[in-house]
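Shown next, in C-alpha cells, is the structure this report addresses.
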Amino acid sequence: MIEAHVRGHRARDEEDGSAESSWFWQLDSRVKIVGTFGLVVVASLITRPEIVLVALAAAVAIAAISRVFPKRLLVAYAAAFPFIAFASVSVFLFSGWERGFTMLARTSSCVILLLVLALGTETFDLFSGLRRLRVPGLITTLLMLTFRFLLLLSDELERMKISRKARGFSGGRSLLDRNALRVISFTAGMVLVRASARADRVYEGLKCKAFERDMKPWRSTSVGAVDVVFLASFAIIAGLLAFGQYGALS
C-alpha cells in the first residue's frame, strides 16, 4: 500500500477490497483535512466523561461507515494503543480513575479520526491538499521527502533481513547475546548507509527533473455537493460536542 502511495497510484488491499470503493476516499483532500482536524481539535478539548464517550462513539461510527481498511485501522490503532495506555495510566495514578478513563477515551477518539484520514487518503493527495490549504511549501516538501526516505529505510531493512537469513542468522539466544547484538548493530548501520545513498540518487533524479526547492501541487480537484455535506456533518458533530461541553457549563 505504501509503495503504491509513493508511485502516485491508489492502493488496493486484497483482503479489504479496493480503497476506491470507499466514499471517504473519493472526497476532496482539503475537505477531509479541514473536517477531520476540526473535529480532532474539539474532541481534544472535551473533559466531561459523558461527552468524551459521545466523541469516542462518533469516531468509531465514522471509522465504520467510512469503510476505510478496517483491518489496517485496527492494526494501526493497536500499534498506537501502548502510548495511549501509558498516558492514561499516568493520569490515573495522579488524578484518579475518572480522569484516566477520560484521557483514554479522548485520545482514542482523536487517534481513530486521524487514522481514518491517513488510511482514507492517498499520500500525495494529502500533501497536495495541505499545500492547497496554504500550508507553506517548505513544510509540505519536507513531509513528502521525509515520507519517501522512511520508505527507503524500510525497503533497505527488508533487504538486509533477507541477506542475514541467507547467511544463516536466525536471531540471538537471548537479549544479552553479544554476537546477535553485534550483527543487529551492523545491520542498522548498513541500512542507514544504503538508504542515504539511495536518497542521494533520488535527489539527483529530482534535480534532473528541474526540482529546486519546492514541489508544486500538481493535482487539482473541485469541491462538490458530497464534500459540502461531509464538511457540514463534521461541523455539526463538532458543534454538538462543544455545546455539550461548554453549553452545560455556562
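Observations on the model:
- Restricting ARG148, ARG99, ARG106 to residues that are part of a helix (DSSP H, G or I) and either outside the structural domain of PHE234 (by TED's automatic domain parsing) or of a type in the set (Val, Ile, Thr) (or both) narrows the list to ARG148.
- The set of residues in region 151-178 that are part of a helix (DSSP H, G or I), surrounded by 14 or more Cβ atoms within 10 Å (Cβ to Cβ) and at pLDDT below 75 contains only ARG164.
- Single unsatisfied condition, PHE83 versus (1) surrounded by fewer than 16 Cβ atoms within 10 Å (Cβ to Cβ); (2) touching a helix residue (DSSP H, G or I) at 6+ places or on another chain (Cβ under 8 Å); (3) of a type outside the set (A, V, I, L, M); (4) within 27 Å of ALA64 (Cβ to Cβ): (2)
- Filtered residues of region 105-126 (kept if more than 23 Å from ARG67 (Cβ to Cβ) and either free of Cβ contacts under 8 Å to residues at least 24 places away in the same chain or among the β-branched types (Val, Ile, Thr) (or both)): THR107
- Pairs meeting the criteria (first residue in region 237-249 and more than 16 Å from VAL40 (Cβ to Cβ), second residue of a type in the set (A, V, I, L, M, F, W, C) and modelled with pLDDT of 90 or more, beta carbons under 6 Å, at least 6 apart or on different chains) are GLY244/ILE51.
- Meets criteria (more than 16 Å from LEU104 (Cβ to Cβ) and modelled with pLDDT of 90 or more) for GLY38: yes
- Look at region 197-209: where a residue is at pLDDT 75 or above and a partner is assigned to a helix (DSSP H, G or I), sitting 6+ places away or on another chain with Cβ atoms under 6 Å, you get ARG198/LEU152; ALA199/PHE149; ALA199/LEU152.
- Residues located in region 109-145, provided they are of a type in the set (A, V, I, L, M), in contact with a Lys or Arg (Cβ under 8 Å, 6 or more places away or on another chain) and part of a helix (DSSP H, G or I): LEU117, LEU119, LEU138
- Taking the criterion of being at pLDDT below 80 and either exposed (fewer than 10 other Cβ atoms within 10 Å of the Cβ) or in contact with a Lys or Arg (Cβ under 6 Å, 6 or more places away or on another chain) (or both), the residues of region 217-246 that qualify are PRO217, TRP218, SER220, SER222.
The values are calculated or read from the model by the stated rules, or taken from the named source; none is laboratory data. Keep in mind it's a predicted model, so treat the numbers as computed, not measured. All Cβ positions, even for glycine, are placed from backbone atoms using ideal geometry, and neighbour counts span all protein chains on display.
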